[in-house]
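Each value in this text was obtained by applying a stated rule to the coordinates, not by laboratory testing. What you see is a predicted model; the values in this text were computed from it and never measured. Cβ atoms come from the backbone with ideal geometry, glycine included; neighbour counts cover every protein chain shown.
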Amino acid sequence: MNDTLQRFIFEATPIRGELVHLDATWQAILQRHDYPPRVRDLLGEMMAAAILLAATLKMHGRLIIQIQGQGPIRLMVVECTNALELRGLAHWQDLPDSSDLELLLVDGRLIITLEPNDEPERYQSIVELKGKTLSAVLGSYLQQSEQLDTHIWLAANGERAAGLLLQKLPSKDPGRDSDAWNRIIHLSQTVQTHELLELSHLDILHRLYHEEQVRVFEPSPVCFRCSCSKERVVNMLRVLGYAEVRSIVQEQGCVNVACEFCNQKYDFDSVDVEQLFASSEQHQAPRARQ
Ligand SMILES: [Zn+2]
């Protein structure tokens, strides 16, 4: 059950569900940054949510959930690939003694971006962040954007992060078991935070839906993986330009770039910098045309 996504459906209904449980994946994030508990738990909930949402898409690429605020929490970013590889980070300052999302964010915005691998375009939606919990915010966002009834439950602590998603798909036969959605939502609302965090997927399904006919699929593994690389950092430095990068080397002796997601350090000394620009067009002296 650890670090897996569990898909399931309710037989003879248009309702599908997913459960996710993050252990080592979550610990890999927490080892890299020391987050205060309220920021940590919110980030954990976002990680669980990113997996749940990515798993509802048929896209090959990345799903990025961002929260931006003017208050104590400035930025939170979680990225999830279609292979269910996750990374995330948070920026914060002077936290109040509250876990109310509107107080933590202040004029917050929720930004959801899809980056398909095989298309140059990205798809982005930005909504005002309204709601006291991330589950509430995402639930109302999904309701509006996908026009599918979707409910989401999220939980995180210093040990684990977990979530449950239910979605009602368009049905050709709405008359069949027309009460199923209301009944299943009602059952799901009894789930406790500690149950989401501590019980196995199968135990949660049994605890909530033992009177329903649930079919479960093979669980899919979830893991922490950062997409940073030396090549990407090199490209970033090239975009910055030779003059700028050389002035950093002159001031500091070398260029140190650390990935904010995974803390991986990339260092370039003056020789590296010369080589890096020697092979790129930006540094070539413009040829005189006479
Ligand atoms: Zn990284």
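Laid out as a table, the results:
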item: Segment Q275-E102, length gained on full extension (0.36 nm per residue, minus Cα span); result: 57.4 nm
item: Calculated FRET value between Q189 and L148, using beta carbons and R₀ = 22 Å, to 0.05; result: 0.75
item: Scattering profile of the chain at q = 0.08, 0.12, 0.15 Å⁻¹ [log10 I(q)/I(0), Debye over alpha-carbon scatterers]; result: -0.42, -0.83, -1.16
item: Potential extension, H60-E218 segment - 0.36 nm per residue separation minus Cα distance; result: 54.9 nm
item: Rounded D (µm²/s) - region 230-283, Kirkwood Rh over Cα pairs, Stokes-Einstein at 4 °C, 1.567 mPa s; result: 115
item: Helical contribution to [θ] at 222 nm, DSSP H n ≥ 4, -39,500 (n - 2.57), averaged over the chain, rounded to 500; result: -10500 deg cm²/dmol
item: Contour minus Cα-Cα distance for V127 and E159 (0.36 nm per residue); result: 8.5 nm
item: Partnerless Cys - the chain, beta-carbon criterion under 4.7 Å; result: C80, C223, C254
item: Relative exposure of K230, K58, judged by other C-beta atoms within 10 Å (fewest first); result: K58, K230
item: Entries in K132/K168; K132/K265; K58/K172 that, when Cα-Cα distance is taken, lie over 29 Å; result: K132/K265
item: For peptides 246-255, 37-46, 11-20, sequence by mean Cβ density within 10 Å, most packed first; result: 37-46, 11-20, 246-255
item: Radius of gyration and maximum dimension Dmax of region 137-290, Cα, Å; result: 26.8, 85
item: Helical segments meeting 18 Å axial Cα length and Kyte-Doolittle -0.5 threshold in the chain (DSSP H); result: 37-56
item: Computed magnitude of the charge dipole of the chain (debye, nearest 20; Cβ of K, R +1, Cβ of D, E -1); result: 560
item: Taking region 152-228 and dividing mean pair separation by its residue count, relative contact order in percent (alpha carbons under 8 Å, at least six apart); result: 26
